[in-house]
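Following: one structure in structure tokens, then a few remarks.
The values are calculated or read from the model by the stated rules, or taken from the named source; none is laboratory data. Computed from a predicted model, the values in this text were never measured in an experiment. Heads up, the Cβs are rebuilt from the backbone with ideal geometry, glycines too, and the neighbour counts pull from every protein chain shown. Each accessible area value is taken on the protein alone, full model and side chains, heavy atoms only, with ligands, DNA and RNA left out. Shrake-Rupley method; radii C 1.70, N 1.55, O 1.52, S 1.80 Å.
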Amino acid sequence: MEKQKNNIWKSIVFYLLIFLLIGLIIFWATSNSRSATRISYTEFQQLVNEDKVEEIDVYGYTIRIRLAGSDVKGEDFPNKMDAYCTFMSTTSLEDFITTHNAKFVQATDAETLEEIKEKYWDKDSEGNYTHVKSGIGYVNANYQYEQESWLSSIMPYLSVGLIIIIGIFLFKAMAGNKNGFGFGKSKARLVVSSNVKFSDVAGADEEKQELKEIVEFLKNPARFTELGARIPKGVLLVGPPGTGKTLLAKAVAGESKVPFFSISGSDFVELYVGVGASRVRDLFESAKASAPCIVFIDEIDAVGRQRGAGLGGGNDEREQTLNQLLVEMDGFETNSGIIVLAATNRADILDPALTRPGRFDRQVYVHLPDVKGREEIIKVHAKNKPMSEDVDFKRIARLTSGLAGADIENILNEAALLTARDGRFKITMVDIQEGLNKVLMGPKKVSRIITEQDRKITAIHEAGHAIVAQTLPNCDNVQEISIIPRGNAGGYTLTFDEKDRTHMTKQKLLDTITMMLGGRSAEEVMLEDITTGASNDIERATSVARKMVAEWGMSEKFGLISFGEGGEIFVGRDYQRQVPYSQELAKEIDAEVRSIVDSAHARARKIIESKKDVIERVQQILIDKETIYKEEFEMLYNGSTVEEVEKAIDKKEQEKREYQEKAKNEAIEERKLRDIKLRIETAEAYAKAGVISKQVYENIKLEAEKEMEKFRQQSQTAQAENAEPSEKQEEKAEEKPEAKDKSKDEKPKTKKESNKK
């Protein structure tokens, strides 16, 4: 604490010196200028000889000048001036001015005094000569030979002295183990209290159990030390983005009740050399003072990547920072009571010295959640969101296969935004489905103008994907088909794996490639032409086929051989790596990849040719309705007619509209009831404060209760009318045309009869 106070006082003194120096420089720079032009003494003499100087004011060793015909008025001088200069000798200045003015006041051999006065002097009303005329070259001089102020005199020396003192102070601070005025000070944030608990983290039970041991050791270390156990010095959280690594660290901070230092890996690296290592030292010094504690480094790959991988050599700033971190974690000095947590999604590029036992003893892999974990995550994020009765968490968990916790949170947030935009108070399953589509593929582009030919091509293409996926047994289930543009796609076919399988079999991969090529095959069969819409499908199919051959050992020709093409490329390490096979073998690999793709293409084309009638029906429905869901697509695939499917779609849309309308009415009703309750509560508060009388409050309350009861009766009546059986509604709908026809058959009444009526 005493050290921190000293550092604070040093910083205050330093900044005060800086401000003082700036103020002195500004004062010194502006005190003499007065927004006038600085000239030399020689130039001043030349102006006087040319009769261009009207008046001067001498103060100290500075001559302030007002020129003849100047805009500066006499009463404003010398506060305002035209120019100024400095001089060295007062005697020389006075002699020069006296000699110059003598020709205007003394007789010479050429002219008498009367002639001079007649030429240069002004007369008064009585005809007497009074004073020399202005603007003719006579210089009115005012001499004040007092010395300049002591501040002006010492200003140059004071400025130089301050610059020297600050330079020495800065040099000492940067040369030693100081923080360099904050440059070398750690940017770690001390988390005093975190509201996140382990109960807020869902879908990561094993990961939480690993970290609970860390928390338990910090709370009760004797339980472990009695058995001779040593708590891990470091725990590395590894996993894909969005799986909850940082959230787990926040939960550790909330559960441990010990000091928690949080910093990002990029906060160590700075412009100046040596700052990163200095910040590491400062971080661990602060941690030692607060032990037992936890240090969390997020995105540690920013400073922990492999040494010697830089293109500019090994002696760079990042490597110095990493070396200091290695020493602090496990060097000659033991940091007992300090546990280092770190998170990264690129563990493959970390330096081996950093991940060895003794530094990061334990690596916790935070995987993508399974269907059970996703359901728990949905429940956690749905706690503060009002959900409608039709929301099925299990179904949402199945629909979000392969997504991380951050994606699921984003889906529910988008659904909440859609609900608020529509003016409702409860999130429905339709909102969540739209939120899922928006996160995966982007928002709808309904306003985009699309020609009928493009709509037809898109419908055939997406129908091809869906039919191949429905036909092949190992493909994922079709959830939705649409020709509405989203993102970069003109249409989409949404599939999901209900079984949430982890391993991919060879037959499933082959069926998936076939499904990807179903769109291009449908174009070839139905249009007898091809388009550019299959570019992404071809790219993904080729990528899967190449991995089957080069990485997964699924090629009958090459067998169980890996060609070293897996994993993400780290340029600093892999830029000089060469492929471990010859060009001839590369040609054979390309040929095998092409064989897999061509075989899948032939299968897809065969399926499309056998399902032409289904494609035509799906195409027609897509052009009319733009979107087909799972149930309607299965009806089309199983042989239902277009009319039957359109009727089913219309019925579902009608139910959806009624449900949305009901939800809106409920929202209006709830908002109205809230307003009435707020009115009563406000009147009650005014009555307690004495603003209104109790009788007025009772009248407001009675009126509000009557309005509330009337509104409820109207709502019940409207609900009863809406709940009328659909058969009766259909009968009424059929009766109306008959009545209309009868009215047509009736003879028109005469004007006289109508008047009588």
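Put a dot 7 Å past the Cα of residue 671, heading toward its Cβ, do the same for residue 168, and the two dots end up 7.3 nm apart. Over segment 354-428, accessible surface divided per residue gives 48 Å², non-protein components excluded, 1.4 Å probe.
State whether segment 383-439 is rounded, prolate or oblate according to the following rule on the C-alpha gyration tensor (a ≥ b ≥ c being the square roots of its eigenvalues): a/c under 1.5 gives rounded; otherwise a/b larger than b/c gives prolate, and the remaining case gives oblate. Because a/c hits 1.5 or more and a/b exceeds b/c, segment 383-439 counts as prolate.
With Cα atoms as the point set, segment 589-669 shows a radius of gyration and Dmax of 19.8, 67 Å.
Would you work out if segment 428-543 is rounded, prolate or oblate? Take a ≥ b ≥ c from the square roots of the eigenvalues of the alpha-carbon gyration tensor; rounded if a/c is under 1.5, else prolate when a/b is larger than b/c, oblate otherwise. Taking the square roots of the gyration eigenvalues as a ≥ b ≥ c, segment 428-543 is oblate. The accessible area of residue 417, taken with all protein chains in place and a 1.4 Å probe, comes to roughly 90 Å².
The shape of segment 192-275 comes out oblate: with a ≥ b ≥ c from the C-alpha gyration tensor, a/c is at least 1.5 while a/b does not beat b/c.
Shape descriptor for segment 43-92: Rg over Rh equals 0.95 (Cα atoms; Rh from the Kirkwood inverse mean 1/r). Once Rg and the Kirkwood radius are both taken over the C-alpha atoms of segment 344-422, their ratio Rg/Rh works out to 1.18. Relative to the globular-protein estimate of 2.2 N^0.38 Å, the Cα radius of gyration of segment 348-482 stands at 1.42. Shape summary: segment 645-704 maps onto an equivalent ellipsoid whose semi-axes, from the alpha-carbon gyration tensor, are 46, 8, 4 Å in decreasing order.
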